[in-house]
Amino acid sequence: MRAAKTWLQVVLSPIQASQKSFITGPALIPGYFSVEVDYVVLVLNGREDTKISFATQWLLYTKTLIDTRKLQHVAVVLLGNEHCNNKWISPYLKKNGGFVEILFVIYDSPWINGEDIFQWPLGVAT
């Protein structure tokens, strides 16, 4: 639970320009973000196969940074499949031998446990 509190503090704390940055856009490709940070939160789309393919590229790039010790902590906010079909991300979760410490899922999921997998608030209204 301690790791979850740390991640929630990272995600929900007030934004200070010197501590956080946000990059986005369709032209954004793996390799674009700075590795001079301790925490990275990836926002990935997992609603369909083409989006999953692109999200997987980001995860593989991030794994390389973890393996070379250029990055320490990774969380994912996942725009999940409406039918709770998100098994593709399972191997990347730390509890399954991967490196993603915390997963926030948009839309409901039977995986939500309040320890390392949480429901992102946007999914509550659907």
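Every condition in (1) in a helix (DSSP H, G or I); (2) within 15 Å of the chain's Cα centre (by Cα); (3) among the β-branched types (Val, Ile, Thr) is met by THR64 except one, and the failing one is (2). In the set (1) over 23 Å from ILE29 (Cβ atoms); (2) in contact with a Phe, Trp or Tyr (Cβ under 8 Å, 6 or more places away or on another chain), the condition left unmet by PHE99 is number (1). Of all residues in the stretch 14-52, those satisfying the criterion of being part of a loop (DSSP other than H, G, I, E, B), of a type in the set (D, E, K, R) and modelled with pLDDT of 70 or more are GLU36, ASP38, ARG47, GLU48.
The values are calculated or read from the model by the stated rules, or taken from the named source; none is laboratory data. Here the structure is a predicted model, which is why all the values come from computation and not from measurement. Using ideal geometry, Cβ is built from the backbone for each residue, glycine included, and neighbour counts are taken over all protein chains shown.
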